[in-house]
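Notes to accompany the following structure.
The values are calculated or read from the model by the stated rules, or taken from the named source; none is laboratory data. Only a predicted model underlies this, so the values are computations on that prediction, with no experimental measurement involved. Quick reminder, even Gly has a Cβ in these numbers, built from the backbone with ideal geometry, and neighbours come from all protein chains shown.
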Amino acid sequence: MTTATDKPRIFALIPCAGNGSRAASAGPKQYQTLHGQAMVAHTLSAFQSLGKVVSGLWVVVSPDDDGFLNACPGYGAGSEVLLKGGGATRAASVLNGLKAMLTVASPGDWVLVHDAARCLISPEQIMSLVDACKGDAVGGLLAQPLLDTLKQASGGRVSATIDRSDKYLAQTPQMFRIGALIVALEAAERDGRTVTDEASAIEAMGLKPLLVPGSAQNFKITYPEDFALAEAVLASRAANNRKEHR
């Protein structure tokens with residue numbers, strides 16, 4: 001563990017216990033194949049490529065999960081940890097992972113929480129968040145300004161057009177101190193509040209997370225058509241890499 005005089009370390013936590021019901025896939029969507037690998041393998045690759053920047057990479061799966069190691073057979077080397085501690089919700093899985101992480105980390109260390117289904121995240125995007133947040137008192141998240149016109153609905157019809165000038169689409173990773181995030185998630189659990197991302201739990205504590213520019217490609221694969229788009233992006237990246245190494 002770090003002491004008060006040590007430089008805070010950075011850990012990564014990937015909640016991977018969902019079943020992806022909206023994706024209409026045969027099994028958990030994170031194990032579906034994209035460009036020759038399981039979706040979650042692409043996600044992990046971005047963090048693994050950061051080397052010593054990340055002191056530990058944790059994946060939280062459901063207690064009865066039997067697909068992760070088949071999808072990522074090489075996972076578990078060095079500081080990589082697989083925790084079968086998934087909860088009933090994403091927030092519960094994250095909280096279980098954070099508490100277990102304290103066996104090797106300190107409350108003052110940072111954690112990058114990232115959705116397994118955001119498999120197009122790049123190392124450069126992760127580092128932009130790290131560089132922006134490592135000196136911040138609160139932490140922050142990748143986010144994209146809302147570009148589309150935003151409508152409010154009632155009964156299947158438009159009831160209002162919402163001003164989009166100060167609206168953002170939250171992405172992951174989201175980077176906060178491990179101890180502060182545990183306190184925030186425990187408070188939400190105790191109060192019965194629904195938490196859809198880590199930033200909302202931090203916000204409920206009266207804090208204001210930093211917004212760091214994300215990427216339109218860092219979308220969360222949710223619906224069947226998202227798979228085709230992600231496949232195209234991965235194929236394009238692979239083609240560009242081949243050109244660069246000729």
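The table below gives the values:
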item	result
Matching option when the condition is more than 28 Å from residue 53 (Cβ to Cβ) and modelled with pLDDT of 95 or more, among 214, 179, 206	206
Test for residue 105: is it outside any helix (DSSP H, G or I) and either touching a residue at least 40 places away in the same chain (Cβ under 8 Å) or under 21 Å from residue 202 (Cβ atoms) (or both)	yes
Given (1) out of contact with any helix residue (DSSP H, G or I) (no Cβ under 9 Å at 6 or more places or on another chain); (2) in a helix (DSSP H, G or I); (3) free of Cβ contacts under 8 Å to residues at least 60 places away in the same chain, number of the condition residue 187 does not satisfy	(1)
Given (1) surrounded by 12 or more Cβ atoms within 10 Å (Cβ to Cβ); (2) in contact with a strand residue (DSSP E or B) (Cβ under 9 Å, 6 or more places away or on another chain), index of the condition residue 95 fails	(2)
Options 111, 94: the member that is assigned to a strand (DSSP E or B), touching an Asp or Glu at 6+ places or on another chain (Cβ under 9 Å) and touching a residue at least 12 places away in the same chain (Cβ under 8 Å)	111
In the stretch 117-138, the residues that are under 30 Å from residue 27 (Cβ atoms) and among the small types (Gly, Ala, Ser)	117, 122
Filter result for residue 77 (in a loop (DSSP other than H, G, I, E, B) and more than 18 Å from the chain's Cα centre (by Cα))	yes
Set 227, 219: member being in a loop (DSSP other than H, G, I, E, B) and either on the phi < 0 side of the Ramachandran plot or under 19 Å from the mean Cα position of the chain (by Cα) (or both)	219
All positions within the stretch 150-179 that are touching a residue at least 60 places away in the same chain (Cβ under 8 Å) and surrounded by fewer than 17 Cβ atoms within 10 Å (Cβ to Cβ)	179
Whichever residue in the stretch 72-84 is among the small types (Gly, Ala, Ser) and closer than 24 Å to residue 33 by Cα and, among such residues, is surrounded by the most Cβ atoms within 10 Å (Cβ to Cβ)	76
Meets criteria (farther than 26 Å from residue 39 by Cα, part of a helix (DSSP H, G or I) and in contact (Cβ under 8 Å) with a residue 40 or more places away in the chain) for residue 132	yes
Of all residues making up the stretch 38-73, the number that are at negative phi, assigned to a helix (DSSP H, G or I) and either small (Gly, Ala, Ser) or without any contact (Cβ under 8 Å) to a residue 40 or more places away in the chain (or both)	9
